[in-house]
Amino acid sequence: MLKTILVVASGDETDAGTLAAALTVARLFGAHLDVLHVRYDPVNTAVAMASDGGSGALTAGLIDQLEQDANEREAKAKANFTQSCGAAGLAGPGAPSAEWHAETGDEPRWMATYGLTSDLIVAPRAPGEAAAARSTVEAVLLETGRPLLIPGASVMPASIDRIAIAWKPTPQAARAVALAMPLLGRAKEIIVATVEEEPDQRDTADRLVRNLARHGLAARTEPLKPGPDGAAATLLLALAGRVDLIVMGGYGHSRLREWVFGGFTQHMLADAPLPVLIAH
């Protein structure tokens, strides 16, 4: 069961979608939301920015500006939290609950610290140019052992009825399936989709379907041939409009290889229009 959900509150336009997705899952399980905003440290940030030759006076002025920016960002994040949770009407037996948290310092470190004691983490999409957001997502994935939910471009439906498993015969994909079982157990349709890059993928997909059947879950395989734009693009094109959520393993290769070659995980984190549940 999913009972504690950690939610990233960034203080920007991504908060609405992130909180909406977290509330959707929380309603399904009567879960608690720990909504966390991490303020950057103005002094440390100013020192880093001024280290290339800024004067003491410039640094002092920079600290004041960064302090104001941090205050405004935290206030915006808190307002987004209050508005989203207030509109959701979190009251009554079995209803979700929510709590606001604020910390100061390194966001990836704080998210990983809180994530270790959560059942699920919800964070906004990290496009290729958003280095800070990508750093947080990678820390959550690689340092917590918990599943990460990245919302899609549109609002997640109230019931997550159609789920696709992006299957590869890897420990990461197997772990993602195991961690997604609370959601898979509620699904009306489960597709085990494979982009056939290795000969044994179809055999292991069939075995996964049989294992899910032993859990009382009806699933079917859907083998796909890789297109010219790669496995991730092939998968997203095939599943668009057909499922509510994609479950997948992340960072099967080394992080350096993913970074240099723009691997499957990076593509999904940056470009998937559908919600993605990912685990490492």
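The values are calculated or read from the model by the stated rules, or taken from the named source; none is laboratory data. On a predicted model such as this, the values are computed, not experimentally measured, just so you know. Quick reminder, even Gly has a Cβ in these numbers, built from the backbone with ideal geometry, and neighbours come from all protein chains shown.
Within the stretch 234-249, restricting attention to residues that are in contact with a strand residue (DSSP E or B) (Cβ under 9 Å, 6 or more places away or on another chain) and not aliphatic (A, V, I, L, M), which residue is surrounded by the most Cβ atoms within 10 Å (Cβ to Cβ)? Full working, then the answer.
Taking the stretch 234-249 and keeping what is in contact with a strand residue (DSSP E or B) (Cβ under 9 Å, 6 or more places away or on another chain), we get 234-239, 242-249.
Checking the rest, the ones that are also not aliphatic (A, V, I, L, M) come to 234, 242, 244, 249.
Working: 234: 18, 242: 13, 244: 21, 249: 24.
The selected residue is 249.
Does residue 70 satisfy the criteria of being among the aliphatic types (A, V, I, L, M), surrounded by fewer than 17 Cβ atoms within 10 Å (Cβ to Cβ), in the same structural domain as residue 142 (by TED's automatic domain parsing) and at pLDDT 80 or above? Walk me through how you get there before you give the answer.
Working: among the aliphatic types (A, V, I, L, M): yes; surrounded by fewer than 17 Cβ atoms within 10 Å (Cβ to Cβ): no; in the same structural domain as residue 142 (by TED's automatic domain parsing): yes; at pLDDT 80 or above: yes.
Against the criterion (among the aliphatic types (A, V, I, L, M), surrounded by fewer than 17 Cβ atoms within 10 Å (Cβ to Cβ), in the same structural domain as residue 142 (by TED's automatic domain parsing) and at pLDDT 80 or above), residue 70 does not qualify.
Among the conditions (1) modelled with pLDDT of 85 or more; (2) under 20 Å from residue 21 (Cα atoms); (3) touching a strand residue (DSSP E or B) at 6+ places or on another chain (Cβ under 7 Å); (4) assigned to a helix (DSSP H, G or I), residue 268 misses just one, which is (1).
Identification of helices (runs of 4 or more DSSP H) wholly contained in the stretch 74-181 with 3 or more residues that are within 30 Å of residue 218 (Cα to Cα) yields 171-179.
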